[in-house]
1. Sort Phe145, Phe68 by accessible area with a 1.4 Å probe, largest first.
2. Treat every Asp and Glu Cβ in the chain as -1 and every Lys and Arg Cβ as +1, leave all other atoms uncharged, and give the resulting dipole magnitude about the Cα centre to the nearest 20 debye.
3. Would you mind telling me the share, in percent, of accessible area of the stretch 31-75 contributed by carbon and sulfur at probe 1.4 angstrom?
4. Just Ser178, Ser130, Ser84 to compare: in a GNM of the chain, with alpha carbon springs under 10 Å, which one fluctuates most?
5. I want to verify a result. In a Gaussian network model of the chain, Cα cutoff 10 Å, which of these has the top mean-square fluctuation: Thr42, Thr177, Thr133?
6. So, in nm, how far is label Asn57 from label Met183 when the simple model puts each one 7 Å beyond its Cα toward the Cβ?
7. Between exposed GluC sites (Glu not before Pro) in the chain, where DSSP calls loop and at most 11 other Cβ atoms lie within 10 Å, what's the longest gap?
8. Take Lys186, Lys82, Lys194, Lys71 and sort them by solvent-accessible surface of the protein heavy atoms, 1.4 Å probe, largest at the top.
Amino acid sequence: MKYSFRLFVFALAILAGVSCSRQVTRVSPDQQIDLSGRWNDTDSKLTAEALIDQLLNQNWIEDYQQEFNRKPVVIVGLITNKSSEHIDSDTYIKDIEKAILNDSRVRLVQAGAKREDLRQERADQQDFASKATLKKWGQELGADFILQGDINSIIDSYKKENVRYYQLNLELTNLETSELVWMGDKKIKKYVNK
């Protein structure tokens, strides 16, 4: 009896070990993998690229440069997640900021917590840095425009099928006049059959 019990426990341990094993494979970050049908890194990248392409290929840049004889300065504000899923808007914002930086027609300034970190560093320098390397107050580049937006989703499902629809909206507003100078959107629709 003891022998068969030990054999039974040993067999369970082997089965548990086999069923719990996991295989991990490294893949290229550019490879599109969609496991769940929910919002993912590919969606973030594609929508950011499409919206920034729309934004940077409109007349507002040339109009601003003609009037003020300099590149416009943009700050990326909040992108609010209004979808039914958890979507980390910070990764989406970083994709947008990177796309803006890679285009040389517009200047970009830090926003939010990172800007506050810069100001704290500048404050620390007032007490601890040498006069020759001290960074002065009041020299920040002021933004001319703020880019804001939201992420929305609609989920339609029936039995083992569902359709996931995402709409991303961005708006560019003149900070001095509150004039809305550009609006864009990107839509993604996914059919998922389980």
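1. From most accessible down to least: Phe68, Phe145.
2. 1280
3. 43
4. Highest fluctuation of the listed residues: Ser130.
5. Of the options given, Thr133 has the highest mean-square fluctuation.
6. Here the answer is 2.1 nm between the modelled labels.
7. 1-175
8. These residues rank, largest area first, as Lys194, Lys82, Lys71, Lys186.
The values are calculated or read from the model by the stated rules, or taken from the named source; none is laboratory data. Everything numeric here is computed off the predicted structure, so don't read it as measured data. Glycine also receives a Cβ, built like all others from the backbone with ideal geometry; neighbour counts cover every protein chain displayed. Surface accessibility is based on the protein's heavy atoms, side chains included, excluding ligands, DNA and RNA. Shrake-Rupley method; radii C 1.70, N 1.55, O 1.52, S 1.80 Å.
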